[in-house]
Amino acid sequence: MHETDETAPGGQSPPPAPPETTWARFRKGPWWPACVLVLILAAAAGLFAGSYTYTMANPTPRNVPTAVVGGYDQARGNAFLTGLGKALDASVRVHTYDSRAAALGAVENQSVFAIFELRDEGRRVVLDVSSASGSSVAELLEQAAPAVGKETGVAVTVRDVNPLQDGDPRGLAIFYISLAAVIIGFVGAIQLSVHARGLTPMERIAFTVAYSLLGGFAIAAIVDWLLGALDLPFVESWLILALTMFASGMTFTMFNTLFGRWAMLPTWGVMILLGNPSSGGAVSWPLLPSALGVIGQWLPPGASVNAQHTAVYFAGHQHVFPFLVLAGWALVSCAVFWTWRHRHPGGRDKKPPELAPDAAAA
């Protein structure tokens, strides 16, 4: 055998390759993504704490829609409403109604959070709060209205026309079950991408539907049948939870298609950092910063809370909007995943395996 003499065209040996720099070795090794993750996790921890503290630690009324019936145009009644707005450091958005029945209908439709019925030319006020509409708003009004009544010489009587269920005295159970559906929804999609990487696109969607239906049933059954925390309209609540889980899972799958291994970042941002604090589940939307109160209704956590809240406490007055939001996220996510499914890191080769050389020779 003859050794080949690799020489340049001019008969000279090629110059040796420059030595790899430390930075190049660092970028190729496992330390680079590990360092990036350290920075991302630190930032995520700070943003997580900041977003929840900003929205929930000190809820402040900004725009509370209320119904007014009776002598609201009398001097004393007008002074009471003005004083209430100052006491809450917010504008009490007043909607006038001709009768208490019409005002109660507005409460059931969740257009207003309370009813001020001014009697005896504004000398007496009956305040009907609705804890089911928002326990934090009802609590604020229950505290502020009697104090303002003393200052303005108005006698105030407070009643709760739509109280919370006994197993959910703080009104947080709906937020918790919606949060569980959101988190397990995208965590399930993450686990499918790790442990069932070979699923085809259609199989991946089918299994997301499967764990969403089963998971939604488990959440509803445990909270209602086992714990008795909420008396749920079972089928409706189950399907809302299942749709929430599916929308959340497919949102991660969409981001995994678009961003690969960094898909968790936009998923966490949309669902946890932004979606959950602005959902209105822990703090009613009139007490949230106004922008978050609007944005939250267009995200899966807020839509899930709204749909579930209406199903549990306002039967017969369900709105289509939260279902459109959940369905929209699910459909858009499926469409993006299906259109660019070749970019998704999962899937398997549909071609038959090649024969081994010995088998081919036989």
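Any read-out appearing in this document is the output of simple, stated calculations on the displayed coordinates, not a laboratory observation. Note that the structure is a prediction, hence the values are computed from the model and not measured. Reconstructed Cβ throughout: ideal geometry from the backbone, glycine too, with neighbour counts over all protein chains shown.
Some points to look at:
- Semi-axis lengths, Å, region 63-160, gyration tensor of Cα atoms, sqrt of 5 times eigenvalues: 18, 15, 11
- For region 173-343, convex hull volume per residue from C-alpha positions, Å³: 104
- Beta bridges per DSSP, both residues in region 63-160: antiparallel share near 25 percent.
- When only the Cβ of Lys, Arg, Asp and Glu is charged (+1, +1, -1, -1), the dipole of region 63-160 relative to its Cα centre reaches about 200 debye.
- Alpha-carbon geometry of region 114-265: the Rg and the Dmax are 22.6, 74 Å, given in that order.
- Rounded tilt (10° steps) of 75-87 against the dominant C-alpha axis of the chain: 30
- ³J(HN,Hα), Karplus 6.51/-1.76/1.60, whole Hz, each residue of region 334-339, x for Gly, Pro: 5, 5, 5, 4, 5, 5
- DSSP beta bridges in the chain [antiparallel fraction, %, rounded to 5]: 25
- 3J(HN,Hα) couplings calculated from phi for region 211-225 with the Karplus curve 6.51 cos²θ - 1.76 cosθ + 1.60 (θ = phi - 60°) are, in sequence order, 6, 5, 5, 5, x, x, 4, 5, 4, 5, 5, 5, 5, 8, 6 Hz; Gly and Pro show x.
- q = 0.17, 0.20, 0.31 Å⁻¹: log10 I(q)/I(0) that the Debye formula gives for region 285-344, counting C-alpha atoms only: -0.66, -0.79, -1.16
- Cα convex hull, region 175-267: 86 Å³ per residue, rounded to a whole number.
- Between the amide H of V68 and those of H95, T96, Y97, F116, distances stay under 5 Å, these residues lying 5 or more places away or on another chain, with hydrogens modeled in the peptide plane.
- Placing unit charges on each Cβ (+1 for Lys and Arg, -1 for Asp and Glu) gives the chain a dipole about its Cα centre, and among W268, G149, A210 the Cα reaching farthest toward its positive end belongs to W268.
- Hydrodynamic radius of the chain per Kirkwood, over alpha carbon pairs, in Å: 24.2
- With Cα atoms, 0 to 90° folded angle of helix 234-259 axis to the chain main axis: 40
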